[in-house]
Every structure is written in C-alpha cells, then in structure tokens.
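The values are calculated or read from the model by the stated rules, or taken from the named source; none is laboratory data. Everything quoted here is computed from the prediction, not taken from an experiment. For neighbour counting, all protein chains shown are included, and Cβ atoms are generated from backbone atoms with ideal geometry for every residue, glycine included. To get the accessible areas, we keep the full protein, side chains included, count just its heavy atoms, and leave off ligands, DNA and RNA. Shrake-Rupley method; radii C 1.70, N 1.55, O 1.52, S 1.80 Å.
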Amino acid sequence: QVQLVESGGGLVQAGDSLRLSCAASGLTFSAYTMAWFRQAPGKEREFAAAVSRFDGTTSYATSVKGRFTMSRDNTKNTVYLQMNSLKPEDTAVYFCAAKFLGTIYDKQYNDWGQGTQVTVSS
C-alpha cells in the first residue's frame, strides 16, 4: 500500500550540505502529514522535521532547527530535507514517515521508509 523510498544520503564533511528526498506512492499524498526521523548509531529514533498537508507549515527538532529545511511537492508526491551546516552529530539513518491527516505536532507515524544513511565526518 503506502510505500516511501528515501534517497540522497551519503558521506560529507562537517559544514557541508546535503538534500534528502522521499518519494511516496500508494497514498493520496496531500492527505498525509510527512516527517523525517533519524536514528544515530546506538541511539533511539528521534524526530527531526515535519511538514503539513496543505500549506507547507513545518516543525523541527531543536537539534536541527535553523540548519535543516523540510518541504513537500504535492505534484510530485515527494518530500525533501535540505540539510545545511552538517555536524558529525547528524550522522544517522534518516527515515521518511507518513501519517494520514494529522498535524505537524504529532509524533506518532504509521508508515515508514527503509532509510538512507547520512555520514558526516569531522
């Protein structure tokens, strides 16, 4: 049914930028709140960013606020995460998530992608 496929991860140096993409299928995309989560080695998954269904309003974790920008293109069924000023602490597997309706303040998501690895060297 719902399928989310992340891409764009890779190895970069501290201070560099990277843009992740998440292509969604099997859903009425505009009816879903979308989010990015990340899981660093040895740590639990944590919320990073979310974007609303219609007007593109966003919410960010304090750890990424001011450096990351999330957006969505409802004509392409795709969400993005523009990551600037990357730090080694940003190293993690980044997961795309979707929730039917909902708001950007909800942290429980039902559908998940497989993740894409982001590694930031010092």
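Data for the structure
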read-out	value
Checking residue 110 against (1) modelled with pLDDT of 95 or more; (2) loosely packed, with under 14 Cβ neighbours inside 10 Å, the condition it does not meet	(1)
Every residue from the stretch 75-96 that is loosely packed, with under 14 Cβ neighbours inside 10 Å and either basic (Lys, Arg) or under 20 Å from residue 27 (Cα atoms) (or both)	75, 76
Members of the stretch 57-69 found to be closer than 22 Å to residue 31 by Cα and in a strand (DSSP E or B), listed by number	58, 59, 60, 69
Candidate set: the stretch 2-18, residues that are hydrophobic (A, V, I, L, M, F, W, C) and part of a strand (DSSP E or B); chosen: the one nearest to residue 70 (Cα to Cα)	18
Residues within the stretch 1-40 that are among the basic types (Lys, Arg) and touching a helix residue (DSSP H, G or I) at 6+ places or on another chain (Cβ under 8 Å), tallied	1
Residue within the stretch 29-46 that is in a strand (DSSP E or B) and free of Cβ contacts under 8 Å to residues at least 12 places away in the same chain present	no
Hits in the stretch 70-113 - residues which are within 24 Å of residue 13 (Cα to Cα) and either of a type in the set (Lys, Arg) or in a loop (DSSP other than H, G, I, E, B) (or both)	84, 85, 86, 87, 91
Candidate set from the stretch 18-37 (those that are open to solvent by 20 Å² or more (accessible area, probe 1.4 Å) and of a type in the set (Ser, Thr, Tyr)); member that is farthest from the chain's Cα centre (by Cα)	28
Pick from the stretch 54-71, criterion open to solvent by 30 Å² or more (accessible area, probe 1.4 Å) and either in contact (Cβ under 8 Å) with a residue 40 or more places away in the chain or aromatic (Phe, Trp, Tyr) (or both), ranking: farthest from residue 44 (Cα to Cα)	54
Filtered residue count, the stretch 38-53, keeping only those that are among the acidic types (Asp, Glu) and either open to solvent by less than 20 Å² (accessible area, probe 1.4 Å) or more than 17 Å from residue 105 (Cα to Cα) (or both)	1
